[in-house]
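**Q** Attaching a single structure in structure tokens format; questions to follow.
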Amino acid sequence: MSAEVAVLGAGMHPWGKWGRSFVEYGRTAARAALADAGLGWADVGSIVGADTVRSGYPGYVAGATFARALGWQGARVTSVYAACASGAQAIGAARAQILAGLADVVLVVGADAAPKGFFAPAGGERPDDPDWLRFRVLGATNPAYFALYARRRMAVHGDTLEDFAQVKVKNAAAGRLNPHARYRKAVTADEVAASAVVADPLRLLDICATSDGGAALVLTSMDFARSRGVADPVRIRAVSTVTPTYPRTVLDLPDIATDSTTAADAAAGSFRSSIARAAYEEAGLGPQDLSLAEVYDLSTALELEWYEDIGLCAEGEGAKLVREGATALGGRIPVNTSGGLASFGEAVPAQAIAQVCELTWQLRGTAGERQVPGARAGITANQGLFGHGSAVVAVR
């Protein structure tokens, strides 16, 4: 049996700080995706919602919340949470339902209404929660970890502040062309350098914001797509949701210590590289087959690390790709043609879905000025807290 499912519809609510309910953003994105697919809400057999933890109980049961907002019609419902990987987990659940024959048409929706400033832990006293501990024991916000990663790259690989700045310059140039992006203005390296230091060595423009936004996909069986006259749809060929391998020897958010290697040797390669490797193995593709990639640029330095983790270059050579212009629009292997988190900010449960929306538009050839000529295959990659890996491979 084919493991592929078709992407018939993709839709988004623009990212920003709108001050409204996440439900509105998700409903708007869902309706846009359904219209893109040429389907109605009544045609949907299942809805999968990516949860948000910032909007009370409706956010914890996002699938049902979005179903109610669209109008109860009896569809099967699923709600999933995996921090930043929530959207990819939702895509994986939808794909599994289609391949299992439980539904021909599944609507996947994620949306968030993010707070001002950086994310903080949920309220309450939880001394057994590593996410709570890293704030209360170390005072370590997310940017503190991003800065540690950046310093490590500078020490181990010789990356420079200019290298980091060029990632922002590249992504801002793409985001300027994206009508769904929050930030649509070109940025210079000098402007990055002049922005306030948040966590040394990273400046404000090196770090993604927190945003409101929503994204949705309509996934169907291949037979259903053909029955609607879509002979060559964009297809999801792989969804990777792997966990790390013990022992972990590089500090990762939200942990405050690494594992001991006394009893077991460290695994070859990083956790993030294993996420992409599993996706490639399932899809029967390799990095050499990619036309583009969307990666989780929580910071400019982290984007460079993702280049290496998804196999675009050897370890330590990520900065070289940026210097050469290889990952820019018009380059050999464009990365974050959407503009990335640098241009969107982070709407946690929507972001991995938005990444697949961008792949969909690129593989259809409808991405406008951002279009990668002849795009045939792409990968998305991100990582959620507590070992939630995620990557999606889409082809046409």
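**Q** Once phi is turned into ³J(HN,Hα) by the Karplus curve 6.51 cos²θ - 1.76 cosθ + 1.60 with θ = phi - 60°, what whole-Hz value does each residue of segment 63-80 show in order, with x for glycine and proline?
**A** x, 5, 4, 5, 4, 5, 5, 7, x, 3, 9, x, 5, 4, 10, 9, 10, 9
**Q** Now, a different point. Which of 97, 355, 73 moves most in a GNM of the chain, Cα contacts under 10 Å?
**A** 73
**Q** If you don't mind, another one. Check the chain and count each lysine pair with an alpha-carbon distance under 17 angstrom, considering only pairs eight or more places apart or from different chains.
**A** Value for the chain: 6.
**Q** Also, quick follow-up: Taking every pair of alpha-carbon atoms in segment 157-230, give the share separated by more than 19 Å as a whole percent.
**A** Everything past 19 Å amounts to 53 percent.
**Q** Which semi-axes, in whole Å and largest first, does the equivalent ellipsoid of segment 1-96 have when worked out from the alpha carbon gyration tensor as the square roots of 5 times its eigenvalues?
**A** After diagonalising the Cα gyration tensor, the semi-axes are 20, 16, 14 Å.
**Q** Can you pull the percent of segment 6-116's accessible area that's carbon plus sulfur, 1.4 Å probe, other chains left in place?
**A** Roughly 54 percent, rounded to a whole number.
**Q** Using alpha-carbon pairs under 8 Å, 6+ residues apart, how would you state the relative contact order of the chain in percent?
**A** Relative contact order, the chain: 25 percent.
**Q** Same structure, new question: Tell me the net charge near residue 258. Cut-off is 9 Å between Cβ atoms, residue 258 excluded, with +1 for each Lys or Arg and -1 for each Asp or Glu.
**A** So the environment of residue 258 carries a net charge of -2.
**Q** Using the crude model of +1 on Lys and Arg Cβ and -1 on Asp and Glu Cβ, and no other charge, please compute the dipole size for segment 25-166 relative to its Cα centre, in debye to 20.
**A** Roughly 200 debye for segment 25-166.
**Q** Residue 187's amide H: which non-local residues (gap 5+, or another chain) put their own amide H closer than 5 Å, with H modeled 1.01 Å from N in plane and none for Pro or chain starts?
**A** For residue 187, whose amide H was placed from the backbone, the distant partners under 5 Å are 173.
**Q** Quick check on segment 64-127: what are the equivalent-ellipsoid semi-axes from the Cα gyration tensor, as sqrt(5λ), descending, whole Å?
**A** Output for segment 64-127: semi-axes of 28, 15, 11 Å.
**Q** Here's another thing I want to ask about it. Pull up all non-local amide H partners of residue 337: gap of 5 or more, or a different chain, and H-to-H distance under 5 Å with H placed in the peptide plane.
**A** For residue 337, whose amide H was placed from the backbone, the distant partners under 5 Å are 293.
**Q** Compare the peptides 366-379, 75-88 by average per-residue count of other Cβ atoms within 10 angstrom and give them in order, highest first.
**A** Those peptides, ordered most packed to least, come out 75-88, 366-379.
**Q** What is the set of long-range amide H partners of residue 346 at a cut-off below 5 Å, with H atoms built 1.01 Å from backbone N?
**A** 209, 210, 211
**Q** Taking 0.36 nm per residue of separation and subtracting the Cα-Cα distance, what length does fully extending residue 204 through residue 119 add?
**A** 29.1 nm
**Q** Same structure again: Can you run phi through the Karplus equation (6.51, -1.76, 1.60; θ = phi - 60°) for segment 268-282 and list ³J(HN,Hα) in whole Hz, with x for Gly and Pro?
**A** Running phi through 6.51 cos²θ - 1.76 cosθ + 1.60 with θ = phi - 60° gives 6, x, 8, 4, 4, 5, 5, 4, 5, 4, 5, 5, 4, 4, 5 Hz.
**Q** Taking Cα pairs under 8 Å and at least six residues apart, what relative contact order does segment 85-175 come out at, in percent?
**A** 14
**Q** Apply the a/c threshold of 1.5 to the C-alpha gyration tensor of segment 305-391 and tell me whether it is rounded, prolate or oblate.
**A** Because a/c hits 1.5 or more and a/b fails to exceed b/c, segment 305-391 counts as oblate.
**Q** Once fully extended, how much extra length lies between residue 332 and residue 73, figured as 0.36 nm per residue of separation less the alpha-carbon to alpha-carbon distance?
**A** Gain on extension, residue 332 to residue 73, equals 88.6 nm.
**Q** Where does segment 291-349 land on the Kirkwood hydrodynamic radius, alpha-carbon pairs, in angstrom?
**A** For segment 291-349, the Kirkwood estimate is 11.5 Å.
**Q** Express the accessible area of segment 113-157 per residue in Å², computed with a 1.4 Å probe while the remaining protein chains stay in the model.
**A** Here the per-residue accessible area is 56 Å².
**Q** Among the chymotrypsin sites (Phe, Trp or Tyr not before Pro) in segment 32-72, which ones are in a DSSP loop with at most 13 other Cβ atoms within 10 Å of the Cβ? Mind listing them?
**A** Within segment 32-72, the qualifying chymotrypsin sites (Phe, Trp or Tyr not before Pro) (loop, at most 13 other Cβ atoms within 10 Å) are 72.
**Q** Related question: In whole Hz, what ³J(HN,Hα) sequence does segment 176-191 give by Karplus (6.51, -1.76, 1.60; θ = phi - 60°), x for Gly and Pro?
**A** Computed from phi, the couplings for segment 176-191 are 4, 9, 10, x, 8, 6, 7, 10, 10, 9, 5, 10, 9, 4, 5, 5 Hz.
**Q** If you don't mind, there's one more thing I want to ask. Pull out the extension gain between residue 155 and residue 281, defined as 0.36 nm times the separation in residues minus the alpha carbon to alpha carbon distance; nm, one decimal.
**A** Between residue 155 and residue 281, full extension yields an extra 42.1 nm.
**Q** Same structure, new question: Give the peptides 204-212, 283-291 in descending order of average Cβ contacts within 10 Å, highest first.
**A** Peptide ranking by packing, descending: 204-212, 283-291.
**Q** Pop out the carbon and sulfur fraction of the accessible area of segment 162-295 as a percent, whole number, probe 1.4 Å.
**A** Of the solvent-accessible surface of segment 162-295, carbon and sulfur hold 50 percent.
**Q** What percent does the relative contact order of segment 23-87 come to when contacts are Cα pairs within less than 8 Å and at least six residues apart?
**A** This gives 34 percent for segment 23-87.
The values are calculated or read from the model by the stated rules, or taken from the named source; none is laboratory data. What you are looking at is a predicted structure, and each value in this text was computed from that prediction instead of being measured. Every residue, glycine as well, gets a Cβ built from its backbone with ideal geometry; the counts of neighbours run over all protein chains shown. Ligands, DNA and RNA are stripped out before the accessible areas are found, and what is left, the full protein with its side chains, is counted by its heavy atoms. Shrake-Rupley method; radii C 1.70, N 1.55, O 1.52, S 1.80 Å.
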